[in-house]
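In what follows, a structure is listed as structure tokens, so that the remarks can point back to it.
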Amino acid sequence: EAQVTQNPRYLITVTGKKLTVTCSQNMNHEYMSWYRQDPGLGLRQIYYSMNVEVTDKGDVPEGYKVSRKEKRNFPLILESPSPNQTSLYFCASRTHRGPNTGELFFGEGSRLTVL
Amino acid sequence: GENVEQHPSTLSVQEGDSAVIKCTYSDSASNYFPWYKQELGKGPQLIIDIRSNVGEKKDQRIAVTLNKTAKHFSLHITETQPEDSAVYFCAASLGTGTASKLTFGTGTRLQVTL
């Protein structure tokens with residue numbers, strides 16, 4: 001089954017404790033991206049990657065890091081989480097090829113609470 | 001950069017009625033306009049999209065219209081059913097290629113009541 005898998009789905013942590021949210025897709029997609037969803041603000045892009053070893057900042061990159069060492073994986077790293085990073089996070093992927101290049105496939109989300 | 005505004009933020013309709021969600025965008029170069037549906041506890045999923053060479057597109061009970069002059073596009077759901085209850089996001093981008101960036105609206109929570 002084609003899917004984007006995120007882990008963990010739920011996490012409560014404390015300020016300053018480094019954490020990583022993993023994302024993996026099995027569709028051989030070139031493009032992967034992280035979004036955060038906050039009430040009244042919609043989906044805002046944090047970082048994206050157009051292919052292996054190619055990453056770039058989105059609209060709200062402060063406080064986050066990413067890496068793309070393999071095509072299928074795109075982890076989101078919070079080196080020193082702060083309460084303003086409490087949010088619902090989504091990983092998404094899409095292909096650059098074929099007739100459906102526009103469609104983003106989303107994971108089921110990771111709800112993060114930073115105390 | 002692109003800015004997408006979406007209205008209303010919440011919408012309640014009775015089962016069987018129609019629902020309309022409206023979006024405006026700022027960059028006249030944008031030419032791809034998808035709509036995503038997010039059910040409770042899940043990630044958003046593409047339900048319909050339209051490209052700027054088309055004014056309207058239908059898929060069963062859902063339709064999207066685009067007015068490029070006004071930089072405005074809308075989602076229309078007819079004969080609403082309880083399973084249509086969800087959060088809907090509009091989005092806009094310039095193309096769908098390698099470097100294209102999708103900008104999302106702030107979402108509309110649709111509730112279909114019995």
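Scanning region B:57-114 for residues that are of a type in the set (Gly, Ala, Ser) and under 16 Å from B:ILE47 (Cα atoms) yields B:ALA63, B:SER74, B:SER85, B:ALA86, B:ALA91, B:ALA92, B:GLY105, B:GLY107. Candidates A:ARG36, A:ARG44, A:ARG94: the one that is among the charged types (D, E, K, R), under 19 Å from B:CYS90 (Cα atoms) and at pLDDT below 95 is A:ARG94.
Counting only residues that are within 15 Å of B:PHE104 (Cα to Cα) and not in a strand (DSSP E or B), which one in region B:28-50 is nearest to the other protein chains (Cβ to nearest Cβ)?
Looking at the filtered set, the residue picked out is B:GLY43.
Take the residues in region B:51-94 that are hydroxyl-bearing (Ser, Thr, Tyr) and either in contact (Cβ under 8 Å) with a residue 12 or more places away in the chain or part of a strand (DSSP E or B) (or both), then tell me which one is surrounded by the most Cβ atoms within 10 Å (Cβ to Cβ). Of everything passing the filter in region B:51-94, B:TYR88 is surrounded by the most Cβ atoms within 10 Å (Cβ to Cβ).
Within region B:95-114, the set of residues being under 30 Å from A:MET32 (Cβ atoms) and not in a strand (DSSP E or B) comprises B:GLY95, B:THR96, B:GLY97, B:THR98, B:ALA99, B:SER100, B:LYS101, B:LEU102, B:GLY105, B:THR106, B:GLY107. The residues of region A:58-94 that are among the aromatic types (Phe, Trp, Tyr) and over 20 Å from A:THR13 (Cβ atoms) amount to a single one, A:PHE74. How many of the residues in region B:95-114 are surrounded by fewer than 22 Cβ atoms within 10 Å (Cβ to Cβ), at negative phi, within 11 Å of another protein chain (Cβ to nearest Cβ) and not polar (S, T, N, Q)? So the answer is 4.
Count of region A:82-115 residues, restricted to those that are under 22 Å from A:GLY42 (Cβ atoms) and either surrounded by 14 or more Cβ atoms within 10 Å (Cβ to Cβ) or within 10 Å of the chain's Cα centre (by Cα) (or both), is 23. Within region A:77-98, residues that are more than 17 Å from A:LYS65 (Cα to Cα) and within 14 Å of chain B (Cβ to nearest Cβ) have Cβ atoms under 8 Å from residues that are part of a strand (DSSP E or B) and of a type in the set (A, V, I, L, M) in these pairs: A:SER93/A:VAL4; A:SER93/A:MET32; A:HIS96/A:MET50, counting only partners at least 6 apart in sequence or on another chain.
The values are calculated or read from the model by the stated rules, or taken from the named source; none is laboratory data. Predicted model only: the values in this text are computed from it and were never measured. Reconstructed Cβ throughout: ideal geometry from the backbone, glycine too, with neighbour counts over all protein chains shown.
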